[in-house]
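These notes concern the structure reproduced below.
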Amino acid sequence: MKTNSLAKIIGITQNTALSFCRGIFLLGIIYIIITPILSIILDSFKDVTDMFNPLVFMIPNEFTLENYRLALRYMDYSSSLSASLTLAVGAMLLQILVCSLTGYGFARFKFYGREFLFGLVIISIVVPTQSYLIPLFTQFFDFRFFGFRSNLLNTYAPVFLMSAFGMGLRSGLFIYLFRQFFRGVPKEIEEAARIDGAGWFRTYAQIMMPNAAPALLTVSVFSFVWQINDTFFASMFMQRLNLLPVRLLTLSSYLSGANLLTAEEVVRIPLIVNAGIMLSVAPAIILYFIVQRFFLEGIERSGIVG
């Protein structure tokens with residue numbers, strides 16, 4: 001009896017110790033991930049006096065919206081937000097159309113070289129864009145197409161063209177998500193549509209796409225969020241356009257070189273930049289909260305089917 005009791009005590013002690021270690025490990029991960037985000041959020045509400053107060057660690061003593069007022073003015077927020085929304089929505093619609101058609105083709109049609117082509121899609125997910133940035137930049141700098149020649153930099157054309165031809169931001173991932181979802185749709189539905197005289201495009205548009213609402217929502221949210229917050233393509237192809245990522249990247253240097261800033265505003269530059277970061281990610285955060293429940297359901301049903 002004593003031996004059994006001692007074994008139970010040792011087992012409980014070991015489980016408690018393991019649970020404690022797991023808790024400490026998870027708290028450490030949470031601290032590493034959450035602390036920079038909280039720092040940006042709280043710093044955006046700080047006053048100048050809090051910057052020189054040694055007693056202020058993260059939570060400001062005096063909350064102020066002055067940083068947001070200045071960020072709204074120097075980022076030309078209404079104009080840059082409108083331009084960014086136009087770019088993000090346009091690219092999102094093109095990616096939905098192209099990636100869903102491509103994913104449907106990979107999932108339902110058998111043709112020579114299908115596996116090889118799908119392998120190229122997977123490679124486009126794995127290979128970083130930076131590895132082929134120079135030829136991509138050169139292509140849009142001196143764009144040629146059947147006698148047409150133009151410089152497409154500092155226009156929406158590079159993003160729209162890449163999205164229309166399946167090479168947009170994360171397009172390979174979206175093709176994979178649609179393919180996986182369409183593979184899980186029963187083939188009997190398509191067979192019934194063919195009996196009724198529907199062709200492949202009508203089947204895709206009227207049968208498959210309405211049933212692909214979860215995957216459609218997932219791709220829409222991912223495409224919009226990644227596009228509106230993208231600083232890589234924006235800094236390479238659209239440096240002179242009035243976009244939120246471009247404004248954010250140049251905000252600190254713009255403020256540092258501005259001659260009309262007061263002494264207080266010069267000191268406040270890091271706080272203004274933090275407020276600009278919050279304003280830049282605000283559209284994506286608002287969208288996520290609106291579609292949160294449907295978005296999580298879409299993630300559960302897309303990409304893991306089949």
* Answer from Leu120, Leu97, Leu101, Leu153 - the residue that is within 24 Å of Met236 (Cα to Cα) and either loosely packed, with under 13 Cβ neighbours inside 10 Å or within 24 Å of the chain's Cα centre (by Cα) (or both) -> Leu153
* **Qualifying positions in the stretch 92-146 - among the hydroxyl-bearing types (Ser, Thr, Tyr) and at pLDDT below 85** => Thr129, Ser131, Tyr132
* Within the stretch 258-272, can one find any residue that is under 17 Å from Ser80 (Cα atoms), of a type outside the set (Gly, Ala, Ser) and surrounded by 13 or more Cβ atoms within 10 Å (Cβ to Cβ)? -> yes
* To do: Determine, yes or no, whether Arg73 is modelled with pLDDT of 85 or more, under 30 Å from Trp226 (Cα atoms) and surrounded by fewer than 12 Cβ atoms within 10 Å (Cβ to Cβ).
  => yes
* Of the conditions (1) more than 23 Å from the chain's Cα centre (by Cα); (2) part of a helix (DSSP H, G or I); (3) not β-branched (Val, Ile, Thr), Leu38 fails just one. Which one is it? -> (1)
* Asked: Can you tell me which residues in the stretch 187-200 are surrounded by fewer than 15 Cβ atoms within 10 Å (Cβ to Cβ), touching a helix residue (DSSP H, G or I) at 6+ places or on another chain (Cβ under 9 Å) and among the hydrophobic types (A, V, I, L, M, F, W, C)?
  -> Ile189, Ala192
* To do: Could you check Ile134 against (1) aliphatic (A, V, I, L, M); (2) over 21 Å from the mean Cα position of the chain (by Cα); (3) closer than 21 Å to Lys110 by Cβ; (4) part of a helix (DSSP H, G or I) and say which number it fails?
  => (3)
* To do: Run down Phe45, Phe57, Phe140, Phe63 and say which single residue is more than 28 Å from Ala263 (Cβ to Cβ), more than 20 Å from the chain's Cα centre (by Cα) and not β-branched (Val, Ile, Thr).
  => Phe140
* Name the pairs: first residue in the stretch 47-76 and in the same structural domain as Arg268 (by TED's automatic domain parsing), second residue part of a helix (DSSP H, G or I) and among the charged types (D, E, K, R), Cβ to Cβ under 6 Å, at least 6 apart or on different chains? -> Met75/Arg247
* Structure fact -> Here the residues within the stretch 161-183 that are among the aromatic types (Phe, Trp, Tyr) and part of a helix (DSSP H, G or I) are Phe174, Tyr176, Phe178, Phe181, Phe182
* Asked: Just to be sure, is Phe165 surrounded by fewer than 16 Cβ atoms within 10 Å (Cβ to Cβ) and more than 25 Å from Gln227 (Cα to Cα)?
  -> no
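Select from the stretch 123-145 the residues that are in contact with a strand residue (DSSP E or B) (Cβ under 9 Å, 6 or more places away or on another chain) and surrounded by 13 or more Cβ atoms within 10 Å (Cβ to Cβ) and list them in ascending order.
Phe143
The values are calculated or read from the model by the stated rules, or taken from the named source; none is laboratory data. Here the structure is a predicted model, which is why all the values come from computation and not from measurement. In this analysis, Cβ positions are derived from the backbone assuming ideal geometry, glycine residues included, and neighbour counts consider all displayed protein chains.
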